[in-house]
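Enquirer: Here you go, one structure.
Just so it is clear, none of the values below were taken in a lab; they were calculated from the coordinates. This is a predicted model, so every value here is computed, not measured. Cβ: placed from backbone, ideal geometry, glycine included. Neighbour counts: every protein chain shown.
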């Protein structure tokens, strides 16, 4: 089975100060390792045997397309203003081949090994890639990430999602309600009600327990894929992330 890869390379409304600090108005075009950031995850996807077509979604589609590898498997399309709206549009698009693997342009350290590990383990209706805190901090003890804390461990997202079919639209509709607060774990878990929120805060439930409750609410099977490579948990959202990525690519981290 091959996935259609979706690379989210859009921009948030307003001026992006982070991008501007690198002389561009598009985050996806920030240079990493001497090339536009978006090119790196796209190249990793091209190298994976689990990926068929690649669709890069961006508001500035022509500018992004100009920076991508020359490969017939790559298409660039105009994205909506939000991630939720972009994915919902794909759910309604009969020309899109499922299942989908969704990642982001700022996943500059993504490689084919991570993609293959994720695809081999993905299952159900929705699979979410995560990296455990102890795995990442063992290599990068000073790294600052957004941690979701549960009984048995804390996790950060790996910006990898497998979506099995268009019926995941019901989950995207729920996600839309908290999209602007996606970095705030309590807002996401609050969707499951105050009891689950309290139990999570007290670390009485595991990540799998929470996803089991979410599966029941959505009528979809949602599962986590724990990735072994700590680099899967490093994306580039701020200057410190960029410095870490550059150090890793130069062999200094």
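Enquirer: Can you tell me the Rg and the Dmax, both Å, for the Cα atoms in the chain?
Expert: Over the chain's Cα set, Rg and Dmax evaluate to 17.5, 51 Å.
Enquirer: Among 156-166, 35-45, how do they line up from the highest to the lowest mean number of other beta-carbon atoms within 10 Å?
Expert: Output ranking for 156-166, 35-45: 35-45, 156-166.
Enquirer: Per DSSP helix of 4 or more residues, -39500 (n - 2.57); summed, then divided by the residues of the chain. What does that give at 222 nm, rounded to the nearest 500?
Expert: Helix-only estimate at 222 nm: -9000 deg cm²/dmol.
Enquirer: Give the relative contact order (percent, whole number) for region 21-132; include only Cα pairs under 8 Å separated by 6+ residues.
Expert: Relative contact order comes out at 33 percent.
Enquirer: Got a sec? Which residues in region 106-130 would a label at residue 1 touch, if it sits 7 Å along Cα→Cβ and we count backbone N under 14 Å?
Expert: The answer is 118-128, whose backbone nitrogens lie closer than 14 Å to the label point.
Enquirer: Can you compute the FRET efficiency between residue 204 and residue 66 using 1/(1 + (r/R0)^6), with r the Cβ-Cβ distance and R0 = 35 Å? Round to the nearest 0.05.
Expert: For R0 = 35 Å, the calculated efficiency reads 0.10.
Enquirer: Can you give the extra length, in nm with one decimal, that the chain gains between residue 243 and residue 25 once fully stretched, where that is 0.36 nm per residue apart less the Cα-Cα distance?
Expert: 76.6 nm
Enquirer: A further question on this structure: Between residue 78 and residue 93, what is the label-point separation in nm under the 7 Å Cα-to-beta-carbon projection?
Expert: The answer from the label model is 1.2 nm.
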